[in-house]
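Participant: Just dropping this structure here.
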Amino acid sequence: MSLSFDAVVNTEENEIDMKAGLNTFAGASDAVRCIIETIVTEKVPERQTHKGKVRTLLKHSFKGSYGIAFSVELCDPKFETRFQKIKKATYAELVSYYLNEAMYEHVEDLSPEAQGIVDRLGEKKSDDLISQLRKSALENMHDISLKFNQDVKLRYRFSRDRQLELAAFSQETAKVLDAGESKEIIDIVAGITRFNTKTGNGRLQLKDELETVAFGFNTEYANVKFEAKKRFSVNLDKNNGVPKDKWDFLKLSVSPIKLKDGKVVKYIVKGIYG
């Protein structure tokens, strides 16, 4: 079994910069390979070489766009059964999930199969995978966006004529490469809109805001007290399907992760006091 993907640069020009383009395509390959290998082996690869358990292979290109088609294949028979057991659509879903999580983007609820894999990997491996993606793959994928303001799409290829967009990369999404946790600790009032009871990650919405923001904890989720975990899951249940003017809100002590322009992309929960 192999999985087919492509990375496409959106441009109206007749050419793209070769070095930036190659860096972008290499980043796409590394990101997909890293995610698939983590799913199959349940171990986040620190380095990727030609001797890895999963490899990407270049395919014939296509007309009408600047891009590259590639496949992901398993090289280690030891993991063949596990690799084959997971549906191709689930692999595509998880590649989209982890890339968008790495960019602090909103992610739709996963299918039961995909969510089960995330839960099985657990908080630490998922966090390690996301950190690994941010180290170089995401930086490379944004190379042509940063230098030439050209957007990139990563797609799963069901066939030559049918593709599913998994993630998009632009100068706007490149801002996450410089995101950093603030040293300040602030108090917020927010409602929980998504919460993974296995990993502790989720999204919240400030009382006076329309957009949701990612959140996590400042310690491994296993170390968070049961009472605190319960407050988050109960709040989500209370607000689910209820108009916002009737929501219950939590008072949280948090440290924000901000972009250079000051936009908050994630809150690290330090405490809950109301």
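Participant: Go through the stretch 31-58 and give me each residue that's at pLDDT below 90, part of a loop (DSSP other than H, G, I, E, B) and β-branched (Val, Ile, Thr).
Facilitator: If the condition is that a residue be at pLDDT below 90, part of a loop (DSSP other than H, G, I, E, B) and β-branched (Val, Ile, Thr), then 49 is the only one that fits.
A quick yes/no check of all residues on (1) under 25 Å from residue 184 (Cβ atoms); (2) surrounded by 13 or more Cβ atoms within 10 Å (Cβ to Cβ); (3) more than 26 Å from the chain's Cα centre (by Cα):
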{"site": "240", "(1), (2), (3)": "no, no, no"}
{"site": "243", "(1), (2), (3)": "no, no, yes"}
{"site": "246", "(1), (2), (3)": "no, no, yes"}
{"site": "249", "(1), (2), (3)": "yes, yes, yes"}
{"site": "258", "(1), (2), (3)": "yes, yes, no"}
{"site": "266", "(1), (2), (3)": "yes, yes, no"}
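Participant: Residues in the stretch 250-274 that are out of contact with any helix residue (DSSP H, G or I) (no Cβ under 8 Å at 6 or more places or on another chain) and farther than 20 Å from residue 198 by Cβ: how many? Full working, then the answer.
Facilitator: First pass over the stretch 250-274, keeping only residues out of contact with any helix residue (DSSP H, G or I) (no Cβ under 8 Å at 6 or more places or on another chain): 251-258, 262, 264, 266-271, 273-274.
Okay, now just the ones that are also farther than 20 Å from residue 198 by Cβ, so 251-258, 262, 264, 270-271, 273-274.
Residues meeting the conditions: 14.
Participant: Then there is this: Determine the pairs where a residue that is farther than 24 Å from residue 210 by Cβ, located within the stretch 103-115, has a partner that is crowded, with 18+ Cβ neighbours inside 10 Å and β-branched (Val, Ile, Thr) with Cβ atoms under 6 Å apart, the partner being 6 or more residues away or on another chain.
Facilitator: Going by the 6 Å Cβ cut-off, the qualifying pairs are 113/90; 114/90.
Participant: Kindly indicate which of 153, 124 is closer than 19 Å to residue 215 by Cα, out of contact with any helix residue (DSSP H, G or I) (no Cβ under 8 Å at 6 or more places or on another chain) and assigned by TED's automatic domain parsing to the domain that holds residue 56.
Facilitator: Values: 153 fails: closer than 19 Å to residue 215 by Cα.
After applying the criteria, what remains is 124.
Participant: Out of the strands (runs of 3 or more DSSP E) lying entirely within the stretch 185-247, which hold 3 or more residues that are in contact with a helix residue (DSSP H, G or I) (Cβ under 8 Å, 6 or more places away or on another chain), within 22 Å of residue 116 (Cβ to Cβ) and modelled with pLDDT of 90 or more?
Facilitator: 186-195
Participant: Okay, moving on. Please verify whether the stretch 59-67 includes one or more residues that are under 20 Å from residue 1 (Cβ atoms), assigned to a strand (DSSP E or B) and modelled with pLDDT under 90.
Facilitator: Within the stretch 59-67, the subset under 20 Å from residue 1 (Cβ atoms) is 59-60.
Narrowing further to those that are assigned to a strand (DSSP E or B): none.
No - not one qualifying residue is present in the stretch 59-67.
Participant: Would the stretch 209-231 turn up any residue that is among the aromatic types (Phe, Trp, Tyr), more than 18 Å from the chain's Cα centre (by Cα) and surrounded by 13 or more Cβ atoms within 10 Å (Cβ to Cβ)? Can you show your working first?
Facilitator: As a first pass, look at the stretch 209-231 and keep what is among the aromatic types (Phe, Trp, Tyr): 215, 217, 221, 226.
Keeping just the survivors that are more than 18 Å from the chain's Cα centre (by Cα) gives 221, 226.
This time we only want the ones that are surrounded by 13 or more Cβ atoms within 10 Å (Cβ to Cβ), so: 221.
So far as the stretch 209-231 goes, yes, one or more of its residues are among the aromatic types (Phe, Trp, Tyr), more than 18 Å from the chain's Cα centre (by Cα) and surrounded by 13 or more Cβ atoms within 10 Å (Cβ to Cβ).
Participant: With 158, 195, 148, 217 as the choices, which residue is touching a strand residue (DSSP E or B) at 6+ places or on another chain (Cβ under 8 Å), in the same structural domain as residue 25 (by TED's automatic domain parsing) and of a type in the set (Phe, Trp, Tyr)?
Facilitator: Going through 158, 195, 148, 217 in turn, just one is touching a strand residue (DSSP E or B) at 6+ places or on another chain (Cβ under 8 Å), in the same structural domain as residue 25 (by TED's automatic domain parsing) and of a type in the set (Phe, Trp, Tyr): 158.
Participant: Also, quick follow-up: Quick one: in the stretch 88-124, which of the residues that are in a helix (DSSP H, G or I) and of a type in the set (Asp, Glu) is surrounded by the most Cβ atoms within 10 Å (Cβ to Cβ)?
Facilitator: In this case the residue turns out to be 93.
Participant: Looking at (1) in contact with a His (Cβ under 8 Å, 6 or more places away or on another chain); (2) at positive phi; (3) of a type outside the set (Val, Ile, Thr), which is the one condition that is false for residue 122?
Facilitator: (1)
The values are calculated or read from the model by the stated rules, or taken from the named source; none is laboratory data. What you are looking at is a predicted structure, and each value in this text was computed from that prediction instead of being measured. Note that we place each Cβ from the backbone using ideal geometry, even for glycine, and neighbour counts take in every protein chain shown.
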